[in-house]
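Report on the structure given below.
The values are calculated or read from the model by the stated rules, or taken from the named source; none is laboratory data. Quantities reported herein were computed from a predicted structural model and do not represent experimental measurements. As a convention, Cβ positions derive from the backbone with ideal geometry for all residues, glycine included, and neighbour counts pool all protein chains shown. The protein model used for the area step is the full one, side chains on, heavy atoms only, and it has no ligands, DNA or RNA in it. Shrake-Rupley method; radii C 1.70, N 1.55, O 1.52, S 1.80 Å.
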Amino acid sequence: MAKDVIIACDFSSAADTLSFLDQFHGRKPFVKIGMELYYAEGPSIVREIKRRGHKIFLDLKLHDIPNTVKKAMRVLSQLDVDMTNVHAAGTSEMMRAAIEGLTRPDGTRPLLIAVTQLTSTSQERMQQELLIGASIQDTIVHYAVNAQQSGLDGVVCSPLESSLVKQHCGAQFLTVTPGIRFADAAKDDQVRITTPARAREIGSDYIVVGRPITQAADPVAAYERCIREFLG
């Protein structure tokens, strides 16, 4: 199974995003397009980045009634992205509907993963604000099992839960892990975080790295550092 570093291109415009990617001079890193950029530029930015040869994780975290998600995924399936996602909290019925909508007439589809708990969510917040009484680890494992049983390819979780998910869902079930920071970097608004090297050790398949790369003085060097630390 291929492992990779995904750069979170959390920019507000196509101009800023493409200018950032131009710095890589022919290299084609895997990139994440999230809500900010997609809502600002729409599907045209996806098509342009794909035209340039990048793999794309379209991170829109769909969460709605099953029929709405199914129809939205049918539209997204036409964008030729490599990975997209839903919220596991939307229930198994919604996740199954997402796969149905995402699968093209020829049977192909992008990877589909489910968000378990955001890396900005602590156990205290989850229990006090969301009224989820279980521990954050038990909640994430339960959501991951639901996702796997619904036919999804993996989950988004913090790297701290990656090995736990693998224990319950198997080595082939993907873990895509944000919350990555260099050992000498600030945590920002993330709570459950670790380093690229530690993420490799505990079994993450993909790490999603934003500000440590995009806001670095030398983004290409920061990306190459991530690659070295995560891929070894």
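Here are some notes:
- Subset of segment 86-124 [modelled with pLDDT under 95 and over 21 Å from residue 208 (Cβ atoms)]: 123, 124
- For residue 57: the one exception among (1) touching a Leu at 6+ places or on another chain (Cβ under 6 Å); (2) open to solvent by less than 10 Å² (accessible area, probe 1.4 Å): (1)
- Output for segment 146-178, where each listed residue is part of a helix (DSSP H, G or I), within 26 Å of residue 101 (Cα to Cα) and either open to solvent by 50 Å² or more (accessible area, probe 1.4 Å) or out of contact with any helix residue (DSSP H, G or I) (no Cβ under 6 Å at 6 or more places or on another chain) (or both): 148, 149
- Filter result for residue 134 (aliphatic (A, V, I, L, M), open to solvent by 40 Å² or more (accessible area, probe 1.4 Å) and in contact with a helix residue (DSSP H, G or I) (Cβ under 8 Å, 6 or more places away or on another chain)): yes
- The number of residues in segment 42-69 being more than 30 Å from residue 92 (Cβ to Cβ) and touching a strand residue (DSSP E or B) at 6+ places or on another chain (Cβ under 9 Å) comes to 4.
- Enumeration of residues in segment 1-45 that are open to solvent by 40 Å² or more (accessible area, probe 1.4 Å) and small (Gly, Ala, Ser): 2, 12, 15, 19, 26, 40, 44
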